[in-house]
Amino acid sequence: VDAFQAWCGPCKTVVDLFQKIRNEVGSDLLHFAVAEVDSIDALEKYRGQCEPVFLFHAGGELVAVVRGVNAPLLQKTILEQL
């Protein structure tokens with residue numbers, strides 16, 4: 001989940017990375033989503049930050065968090081969580 005604030009919008013720079021990984025992995029277990037933290041109470045703790053936050057969930061549980069746009073770390077985390 002790309003957790004973003006309304007004033008900066010979802011992180012467009014990683015959309016291509018996500019699509020590339022999805023095409024390479026081709027896994028039905030891999031889903032990407034965006035969530036505006038300003039309008040979701042459960043994501044309140046991510047408000048007021050000027051960097052994007054990527055949340056990784058598995059089985060309904062938060063399993064990893066990547067702060068900032070770090071393509072190698074995002075890719076590594078995605079592949080590790082799969």
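Each reported figure results from applying straightforward, stated rules to the coordinates on display, with no laboratory input. Keep in mind the model is a prediction, meaning the values are calculated, not measured.
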(request) Could you point to the label whose value was computed as volume of the Cα convex hull per residue in Å³ for the structure here, given (i) 106; (ii) 87; (iii) 151? (result) (ii)
(request) Report the full-extension gain for the segment K76 to D16: residue separation times 0.36 nm, less the Cα-Cα distance, to one decimal in nm. (result) 20.1 nm
(request) Any lysines with Cα under 27 Å of the K20 Cα? List them, leaving off those in the same chain fewer than 8 positions away. (result) K12, K76
(request) Counting helices only, and only those DSSP H runs with n ≥ 4, report the 222 nm mean residue ellipticity of the chain as the sum of -39,500 (n - 2.57) divided by its residues, in deg cm²/dmol to the nearest 500. (result) -8000 deg cm²/dmol
(message) With angles folded into 0 to 90 degrees, how steeply does helix 71-81 sit against the dominant principal axis of the chain? Use alpha carbons for both and round to 10.
(response) 70 degrees
(message) Over the chain, what is the relative contact order in percent, taking alpha-carbon pairs closer than 8 angstrom and at least six residues apart?
(response) 33 percent
(message) Compute the helix-to-body angle for 15-25: its Cα long axis versus the longest principal axis of the chain, expressed 0 to 90° and rounded to tens.
(response) 30 degrees
(request) Could you check which residue among V63, V37, V53 shows the biggest mean-square fluctuation in a GNM of the chain with a 10 Å Cα cutoff? (result) V63
